[in-house]
1. When only residues in region 30-47 that are more than 19 Å from Leu252 (Cβ to Cβ) and crowded, with 20+ Cβ neighbours inside 10 Å count, which is nearest to the chain's Cα centre (by Cα)?
2. Of these, Glu239, Glu221, which one is without any contact (Cβ under 8 Å) to a residue 60 or more places away in the chain and among the acidic types (Asp, Glu)?
3. Tell me whether region 94-116 contains one or more residues that are buried (at least 18 other Cβ atoms within 10 Å of the Cβ), touching a residue at least 60 places away in the same chain (Cβ under 8 Å) and within 26 Å of Gly207 (Cα to Cα).
4. Given (1) β-branched (Val, Ile, Thr); (2) at pLDDT below 80; (3) under 18 Å from Asp15 (Cβ atoms), where does Ile222 come up short, assuming only one miss?
5. Report whether or not Asn49 is of a type outside the set (Lys, Arg), in contact (Cβ under 8 Å) with a residue 24 or more places away in the chain and out of contact with any helix residue (DSSP H, G or I) (no Cβ under 8 Å at 6 or more places or on another chain).
6. Among the residues of region 225-249, which ones are buried (at least 18 other Cβ atoms within 10 Å of the Cβ) and at pLDDT below 90?
7. What is the one condition in (1) acidic (Asp, Glu); (2) without any contact (Cβ under 8 Å) to a residue 60 or more places away in the chain; (3) touching a strand residue (DSSP E or B) at 6+ places or on another chain (Cβ under 7 Å) that Asp131 does not satisfy?
8. Within region 22-76, count every residue that is in a helix (DSSP H, G or I), β-branched (Val, Ile, Thr) and closer than 24 Å to Gly247 by Cα.
Amino acid sequence: MKAPDSAIRLVVNADGFAGDTALTRGIVRAHREGIVTSTSVIGNCADPNAVRAELAAVPALGVGVHLTLTGGAPIARPSSVRSLLGPDDQFPSEVREVFLSWAKAAPQGDEIEREFDAQVARLRDAGLAIDHLSTCHHVGFLPVVGRAVETVARRHGIAGVRTAVERPTLAWLTEIRRSLTTAALSSLAWFNRRQMGILRHGPTSWGYFESGRLDEIRIMEILGRLGPGIHELICAPRESDDPVESGELAALLSARVRAGLARRGIELCRWAELF
């Protein structure tokens with residue numbers, strides 16, 4: 001049953017499952033003890049069967065694929081995705097290399113689509129029930145990448161496609177360079193949505209600007225600004241002995257945050273429950 005139009009629905013999505021041990025542990029804990037409702041598994045993760053086993057322990061956690069063009073090896077045959085790889089048959093290690101390649105019109109759209117299709121199929125074959133797609137470092141902002149994501153989503157019958165569009169806040173004034181980057185990428189995401197003629201989820205995303213640095217105060221501020229409709233909070237909680245590194249996890253476990261959700265009547269949900 002769909003929620004009434006006045007409802008405020010929030011997906012709290014933790015990116016990067018299987019990216020590293022600390023992040024994976026943090027995501028599981030933030031779901032079990034906190035407010036995380038969904039996660040995105042790295043598309044070219046090393047061991048899909050191990051990922052399936054870890055996720056089987058948290059069956060209420062929504063699962064998507066974090067499609068990647070950076071770091072590690074492709075899932076498709078290297079010879080079939082040559083425009084995406086370096087001389088060593090590996091993806092570039094830095095996202096800026098992907099953007100530079102795009103600026104030179106080097107990546108071929110059909111090869112991006114082939115690689116993304118292989119990443120989704122591999123995880124599905126491992127037994128994951130996938131309810132959304134997203135892209136590592138949000139390279140889906142790029143039109144050629146966004147089109148490939150949309151095509152693969154339709155092919156596999158996946159309703160949720162995450163394309164972050166974030167509204168400016170006062171926090172942006174503290175880091176002008178990062179603010180300009182976020183604004184530029186949000187504009188590209190908005191353009192992609194217009195071009196594809198489809199809006200996969202609500203227009204408001206939160207947390208991208210503070211990636212990995214969300215704290216209790218910022219989450220409470222975000223909750224206070226949510227209006228009726230669908231929203232997404234992007235996070236990457238790590239379980240670590242370092243209090244700075246684990247600060248985002250602590251915020252997602254906060255009793256004060258839970259009270260804020262209850263006070264505003266915000267419904268936590270997964271992507272599969274929105275379509």
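The values are calculated or read from the model by the stated rules, or taken from the named source; none is laboratory data. Since the model is a prediction, treat every value here as computed from it, not as a measurement. All Cβ positions, even for glycine, are placed from backbone atoms using ideal geometry, and neighbour counts span all protein chains on display.
1. Looking at the filtered set, the residue picked out is Ile42.
2. Working: Glu239 fails: without any contact (Cβ under 8 Å) to a residue 60 or more places away in the chain.
Sole residue among the options that is without any contact (Cβ under 8 Å) to a residue 60 or more places away in the chain and among the acidic types (Asp, Glu): Glu221.
3. Taking every residue of region 94-116 in turn, at least one turns out to be buried (at least 18 other Cβ atoms within 10 Å of the Cβ), touching a residue at least 60 places away in the same chain (Cβ under 8 Å) and within 26 Å of Gly207 (Cα to Cα).
4. Against the list (1) β-branched (Val, Ile, Thr); (2) at pLDDT below 80; (3) under 18 Å from Asp15 (Cβ atoms), Ile222 comes up short only on (2).
5. Values: of a type outside the set (Lys, Arg): yes; in contact (Cβ under 8 Å) with a residue 24 or more places away in the chain: yes; out of contact with any helix residue (DSSP H, G or I) (no Cβ under 8 Å at 6 or more places or on another chain): yes.
Yes; evaluated as a whole, the condition is true for this residue.
6. Listed by number, the list holds a single entry, Ile230.
7. (2)
8. Qualifying residue count for the region: 3.
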